[in-house]
Amino acid sequence: MNSNILIVDDNPRNLQVLGNILKNEDYTIEFALNGTSAITWVGEKDFDLILLDVMMPEMDGFEVCKVIRSQFVTKDVPIIFLTAKTDRESVIKGFEIGGQDYISKPFDAKELLVRVKTHIDLKKSKQALKELNRDLESKVKSRTQELATSNEALKESKKRYKYALEASNDGIWDWNLETDSIEFSVALYTMLGYENNEFPQSRQEIQKRTHPDDLRGRDEQAYISKLIEQDDQYFQEEYRLKTKSGEYKWIRVMGQVIERNGYGNIKRMIGTHTDITLEKQKNYEILDAILKTEDRERSRISKDIHDGLQQTLTISLLNFKVARDQVDALSEEAQNKFAVGWDYLKKGISESRFVAHSLMPKAIVDYGLVSACESLIDLMNNTVEKTSFNFLTNFGEKRIEHQQVEMTLYRILQEGLNNIIKYAKATKVDIQLKDYDDILLLTIEDNGVGFDASKLTNTGLGLKSIQNRLETINGHFEIDSSPNNGTVLLVEIEKSQMN
């Protein structure tokens, strides 16, 4: 199916140029000469990409972007700004209000086509992930409904219940929460590679085979109490169980309340075990593709900043140096303005270098994680006032064989340091990157204001991004913090689990 593109520009000539560039790429293209017309189009048709001019009368591109992001179901459509304004402030403003990219005028046809294709492909990948999740949710509801229907039949006859256990492809379990006794069908043994009844039927046996990361931080007694007291009729969770061969499989556990005691608390539940390993792998593959696309985009934008903005600023600085030798001939007011301009120009060069480095450090590809970390720490020490950054590693000249692991650890270090700069008010930050026999360990510790870690959600402080990246390489992280006692972020990756 063709991708739909909306081009918004108050200059008909620009619309014609863009249309000619894109016409042979099998896109369906619509045009708008102003912001009002563009908003009308978005309300009437779904678009895969919007090319939006910044400088327009009455309503500029930034205002149009804000309306689209706030009012429409398709507010996640990628927006690329068309602009002759490439100053840092305008570029950052475009990203802050919801733009994904910008293209400078006059247009380069090859660059335009590559950027358009990249953003459309990324949108399609995200849409595929959403559709997969909807499909999985539908399956959950369908399975739960099937379970509710079959439950009545199970109540009617012990014999029919036994036949259902033997016939089901999924494992079926029956849990008495008052006695904490559980029975499960032969299907669970089969999923895990065991013979029937090869290990005892108990919750403790399941817990022994559960991946440590899925048990981490869980109080079993509190966990059971919460189940007993919950109002919801349905129960669902996912965790990894170790097979007889030592590998792990992802299992989805779904359950339904079938009996409560006189106080209304849950007394008995039945449910299913479903092997979702393949579903998880597909999710990881899609997520990995999205993350790699994001990294490629970061690399491209970093190169644009380095080859374009930084070069322009550097040339400007060289010209300023020539004029600086004759500044004494100017009035005092002019000299002061020259000095301010000189300082801002040098600051712009420094900040553009910082942005380009943070987007995609070339040192990771060329020299490895340790070199990139050292470069980042040096940059922090040179640009962040009143904070000392220290880096300790035992890697020596070694590199991690998996570049994705290197990139993930670097991104987490970036995220952690950015959070410290924004929120911690720390004067000292210690970073350690250690290589042990079985694991890779990254710790980031600061002496800042800290926070109540028990109230932290998995979406706060960029944790969702960290969690997503670690899931693709089978890693995990922990945070230890309390008010006025600083914060420690620990990331651990088992070498045996690295993809």
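Below, the figures for the structure above:
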quantity: Filter pass, residue 441 being assigned by TED's automatic domain parsing to the domain that holds residue 382, outside any helix (DSSP H, G or I), of a type in the set (A, V, I, L, M, F, W, C) and touching a residue at least 60 places away in the same chain (Cβ under 8 Å); calculated: no
quantity: Search result, residues across segment 102-147 that are basic (Lys, Arg) and within 23 Å of the chain's Cα centre (by Cα); calculated: 115, 117, 123, 124, 126, 130, 134
quantity: Sole residue being surrounded by fewer than 15 Cβ atoms within 10 Å (Cβ to Cβ), hydroxyl-bearing (Ser, Thr, Tyr) and at pLDDT below 80, chosen from 138, 90, 150, 157; calculated: 157
quantity: Residue match in segment 64-81 (condition: surrounded by fewer than 16 Cβ atoms within 10 Å (Cβ to Cβ) and hydrophobic (A, V, I, L, M, F, W, C)); calculated: yes
quantity: Flag if residue 1 is modelled with pLDDT under 90, assigned to a loop (DSSP other than H, G, I, E, B) and over 30 Å from the mean Cα position of the chain (by Cα); calculated: no
quantity: Residue check for residue 34: of a type outside the set (A, V, I, L, M), surrounded by fewer than 21 Cβ atoms within 10 Å (Cβ to Cβ), within 22 Å of residue 114 (Cβ to Cβ) and out of contact with any Gly (no Cβ under 9 Å at 6 or more places or on another chain); calculated: no
quantity: Close pairs (9 angstrom Cβ cut-off, 6 or more residues apart or separate chains): outside the structural domain of residue 80 (by TED's automatic domain parsing) and modelled with pLDDT under 90 in segment 105-120, loosely packed, with under 13 Cβ neighbours inside 10 Å and outside any loop (DSSP other than H, G, I, E, B) anywhere; calculated: none
quantity: Condition broken by residue 344, with the remaining ones in (1) loosely packed, with under 14 Cβ neighbours inside 10 Å; (2) modelled with pLDDT of 85 or more; (3) in a helix (DSSP H, G or I) satisfied; calculated: (2)
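Yes/no matrix, rows are residues, columns are (1) buried (at least 18 other Cβ atoms within 10 Å of the Cβ); (2) over 19 Å from residue 447 (Cα atoms); (3) at pLDDT below 90:
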{"position": "382", "(1), (2), (3)": "no, yes, yes"}
{"position": "385", "(1), (2), (3)": "no, no, yes"}
{"position": "392", "(1), (2), (3)": "no, no, no"}
{"position": "397", "(1), (2), (3)": "no, yes, yes"}
{"position": "401", "(1), (2), (3)": "no, yes, yes"}
{"position": "408", "(1), (2), (3)": "yes, yes, yes"}
{"position": "411", "(1), (2), (3)": "yes, yes, yes"}
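The values are calculated or read from the model by the stated rules, or taken from the named source; none is laboratory data. For clarity, every value in this text was computed on a predicted model and none was experimentally measured. Ideal geometry is used to build each Cβ from the backbone, glycine not excepted, and the neighbour counts take in all protein chains shown.
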